[in-house]
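The values are calculated or read from the model by the stated rules, or taken from the named source; none is laboratory data. Just so it is clear, the model here is predicted, and its values are computed rather than measured. Cβ placement follows ideal geometry from the backbone for every residue including glycine, while neighbour counts extend to all protein chains displayed. When the accessible area is computed, the model is the full protein with side chains, heavy atoms only, and any ligands, DNA or RNA have been set aside. Shrake-Rupley method; radii C 1.70, N 1.55, O 1.52, S 1.80 Å.
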Amino acid sequence: MRKAVGRAGVLQVDSVNVLCRSHYLPVFARAGDYARTTLDRMSWGEPRELFEYFWGHKAALLPLSDYPLLKYRMRAAERQVWDAKLDPDVTAPWSVVVGMQRLTAERPGFVDEVLARVTDQGPISAGEASPDGVRRKRSEPDPDPSTGRMWNWQDAKIAIEYLFCTGRVAIAGRRNFERLYDLTERVLPADVLASPALDPADARRELVRIAARGLGIATTRDLCGAGTGHYPLPTATAREVIGELVDSGELIPVQVEGITQQSYRWHESTDRPVDARALLSPFDPLIWNRDRTHHLFDFFYRISIYTPAPQRIHGYYVLPFLLGDRLVARVDLKSDRPTSTLVVPTLTPEPNAPDFTEALADEVRLLAHWLDLQHIQVTANSPAAVPLTQALSS
């Protein structure tokens, strides 16, 4: 499990639970049938081995060894003057940016009040962190229309997420997957907190190294682009860091057929046969960059959970099936927990895909066992569903 997490570099956290929480799936894809309670312990228990940070790559779990690499980002958020131009090293979500601009003007001292409440009562949820208990009603107008309804947070949520960005509070655990915040010194090991912050330039180089080791061959955008890279960097900064790693021989410029942008190979990556079999979470590091997935696998993939049902083509929670070095099918999966059933509502083979029925049946069986589901039901009506049903019943 440690090897799988270390190689992936980042486990993206997402709230959708139609199959299971997404951060569990990349470890399953790489390590097989493991205990999810162990990953919970590594993430939020004792002894803790991972920590949660909002803008490593979006919301993510990262190895504790990476904590010093992100301290420069925390310091940037802490020193940010919110009525001035945004520091490029501040990687806070937009809701925090516009929220702090408003709170700084309208409610000076509010962040300190929230911090005091965490100090007195932590670990607590964002809803419990409000010092006055006042919450905006859904019928009231949004104070920050630019963030949209989904991300238009309550003031206490904005303040506590800002404190999270600065490293003054950390995620102590989760209650029904809701974050619980506490002072960082009460959450993370003392030796991790005492580790010195790296110089920002050194930290950026190490972050790109982590991404390069995990990806093998990648463009600048794949390595550290906004929304696509493991650890997003400003464009000019990314070019500078990659240039330094090319000069040191750690990144080797290469050209990949079908990709016009310059690509780079991690100097320790080797060309070897790939004999993989895995169902990939939509947020797996291998495929979260949809353009890279399209270029390398000739697999056009978009997540469908935000698509209205009549417009969905391949299902709701669709996992690409990796077999060998190809993505050969799209498998819509659902955990029907009341009946303890793993359901396959949709199955779509890729054009010219090799026969994958037995391999997929084995993987689906393993997935059901791992999720403690007693039954498997294929409700898909595509031609590929018939042999899968037969293989599962044999």
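Could you tell me whether Ala77 is hydrophobic (A, V, I, L, M, F, W, C) and farther than 29 Å from Asn152 by Cα?
Taking the combined requirement at face value, the residue does not satisfy it.
Would you confirm whether or not the range 129-140 contains a residue that is open to solvent by less than 40 Å² (accessible area, probe 1.4 Å) and of a type in the set (Val, Ile, Thr)?
Initially, the range 129-140 is screened for residues open to solvent by less than 40 Å² (accessible area, probe 1.4 Å), giving 129-130.
Now narrow it down to the ones that are of a type in the set (Val, Ile, Thr): none.
The answer is no, given that none of the residues of the range 129-140 is open to solvent by less than 40 Å² (accessible area, probe 1.4 Å) and of a type in the set (Val, Ile, Thr).
Can you tell me which residue among Leu180, Leu223 is of a type in the set (A, V, I, L, M, F, W, C) and under 30 Å from Asp325 (Cα atoms)?
Leu223
Quick check on the range 186-197: of everything there that is over 24 Å from the mean Cα position of the chain (by Cα) and of a type outside the set (Lys, Arg), which residue is farthest from Arg48 (Cα to Cα)?
In this case the residue turns out to be Pro196.
Just to check your reading of the model, which residue among Ser125, Ser146 is modelled with pLDDT of 95 or more and of a type in the set (Ser, Thr, Tyr)?
Details: Ser146 fails: modelled with pLDDT of 95 or more.
After ruling out the rest, the residue left standing is Ser125.
Working only within the range 175-196, note down all residues that are surrounded by 17 or more Cβ atoms within 10 Å (Cβ to Cβ) and not β-branched (Val, Ile, Thr).
Arg179, Leu180, Tyr181, Asp182, Leu183, Leu188
Hey, could you check the range 235-275 for residues that are among the β-branched types (Val, Ile, Thr), more than 16 Å from Gly216 (Cα to Cα) and in a helix (DSSP H, G or I) and say which is least open to solvent (accessible area, probe 1.4 Å)? Can you show your working first?
Here is the first cut: in the range 235-275, the ones among the β-branched types (Val, Ile, Thr) are 235, 237, 241-242, 246, 252, 254, 256, 259-260, 270, 274.
Those still in the list that are more than 16 Å from Gly216 (Cα to Cα) too: 235, 237, 241, 260.
Now restrict to residues that are in a helix (DSSP H, G or I): 235, 237, 241.
On the way: Thr235: 90, Thr237: 33, Val241: 7 Å².
For the range 235-275, the residue satisfying everything is Val241.
With the condition kept exactly as written, say whether any residue in the range 206-217 is free of Cβ contacts under 8 Å to residues at least 40 places away in the same chain and open to solvent by 60 Å² or more (accessible area, probe 1.4 Å).
no
If only one of Arg175, Arg168, Arg138 is more than 24 Å from Ser22 (Cα to Cα) and out of contact with any helix residue (DSSP H, G or I) (no Cβ under 8 Å at 6 or more places or on another chain), which one is it?
When all the criteria are applied, what remains is Arg138.
In this structure, does Ala159 turn out to be buried (at least 16 other Cβ atoms within 10 Å of the Cβ), modelled with pLDDT of 95 or more and closer than 21 Å to Gln12 by Cα?
no
Output the residues belonging to the range 67-92 that are closer than 14 Å to Tyr162 by Cβ and touching a helix residue (DSSP H, G or I) at 6+ places or on another chain (Cβ under 7 Å).
Residues satisfying the conditions are Met74, Ala77, Glu78, Trp82, Leu86, Asp87, Val90, Thr91, Ala92.
What strands (runs of 3 or more DSSP E), lying completely within the range 108-223, carry at least 3 residues that are of a type in the set (A, V, I, L, M, F, W, C)?
169-175
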